1. Using a Cα-Cα cut-off of under 18 Å, which lysines could be cross-linked to residue 187, ignoring same-chain neighbours fewer than 8 residues away?
2. May I ask you to derive the FRET efficiency for residue 217 and residue 13 from their Cβ-Cβ distance with R0 = 30 Å, giving the value to the nearest 0.05?
3. Test of understanding: given the chain, find the longest segment containing no GluC sites (Glu not before Pro) that are in a DSSP loop and have at most 12 other Cβ atoms within 10 Å.
4. Using 0.36 nm per residue, how much length does the chain from residue 272 to residue 24 gain when fully extended, once their Cα-Cα distance is taken away?
5. What is the ratio of the Cα radius of gyration of segment 1-56 to 2.2 N^0.38 Å, where N is its residue count, to two decimals?
6. Bins of 10 Å, beginning at zero and ending with the bin holding the largest distance: percent of Cα pairs per bin for the chain, please.
7. How large are Rg and Dmax for segment 55-118 when calculated on the C-alpha trace, in angstrom?
8. Subtract the Cα-Cα distance of residue 100 and residue 36 from 0.36 nm times their separation in residues, and report this length gain in nm to one decimal.
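Please treat every number below as a calculation from the coordinates, not as lab data. Here the structure is a predicted model, which is why all the values come from computation and not from measurement. We place every Cβ from the backbone using ideal geometry, glycine too, and count neighbours over all the protein chains shown.
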Amino acid sequence: MTDERPLVIMSDETLLDEILRLAAAVGCEVERAPDLVSAGRSWARAPLVLIDEEVIEGAVELPLRRDVLMVTKGTPTPSTWERAFAAGVRQVLSLPDAESALIGALADIAEGPIVPGGCVIGVIGGRGGAGASVFAAALGLAAGEDGALLVDCDPLGGGLDLLLGAESTDGARWPSLQLDGGRISMKALRDALPEHAHPRGRLPFVSCDRDGDGPTADALASVVDAGRRAGKVVVCDLPRHVDARTRPIVARADLIVVVMPAELRACASVRRVVKGLFDRADRAKLVVRGPAPCDLAPEDAAVAARVPLLTSMAPERHLDRHIEN
């Protein structure tokens, strides 16, 4: 998060309260000034300036600078537009219609520049009991110190917090995360989420719970987008059946890992699962877990499943126990 704060110059208390609410929602601290004179050097120094109509009353010409936004309640009149652009305002945003645009501008300041390297990896079981959730958790832990975000997308999976041994860890699960699809900063998200401590760092995660609703499509998209912008490896534990709720996550995935045991029946199941990915099936890669009771080689399993082989895994005894520790 950047140390610079947007400057807010507003005399309308109702509008000011709304700006402060939106800024708090994305974890953006602001500097306030009652008028242009009181702003002093902050006018030129702030990364963004938000003003109301009273700042330019009387056709005052504002000191030259970029990134000045005027915020109004309701649709601005033609005269408001004229005075705003005559004063050098870059854009006029009317609330509540332009709330998303204002949230985005504040979030850009709070988060700083987009961090390169962010990606989304979906993990899905090729058949029931394939170990996809265990693989997703292990992948999140392998990303290293503060490098990943683990997202539980399956409300029928029992909760990834149980898999991590973190069911008693404080933090919000999906039922208590009030997300409506708007933009959220990774800082604000991380402040709300539980974290699983492990030898290489701390893994923030959002888990389904034993009671309450699972995530909506909009909530999932908000969380995944926040992680990607922050440069995280966002690992999404997906249900085997992709529906309207999880389809936006599949669309965002840079890679979809399909986990299967080395058996012929699983090959047939994988074909059905990958078919359900529709136009994102080309992003699917196969992870074959041993042992193979019928001596099925990983390469042959990939041919039978019609999915490119990513890697194969020998039996990992007590892998779930290592994830908890």
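1. Within the straight-line limit of under 18 Å, residue 187 reaches these lysines: 232.
2. Details: r = 36 Å, r/R0 = 1.21.
Approximately 0.25, to the nearest 0.05.
3. 146-325
4. Working: separation 248, 0.36 × 248 = 89.28 nm, distance 4.46 nm.
The residue 272-residue 24 span can extend by a further 84.8 nm.
5. Relative to the rule-of-thumb radius for its length, segment 1-56 sits at 1.07.
6. Going from the shortest bin to the longest, the percentages are 6, 24, 26, 18, 13, 9, 4, 1, 0.
7. Over segment 55-118's Cα set, Rg and Dmax evaluate to 14.1, 48 Å.
8. Details: separation 64, 0.36 × 64 = 23.04 nm, distance 2.62 nm.
Working it through step by step, the gained length comes to 20.4 nm.
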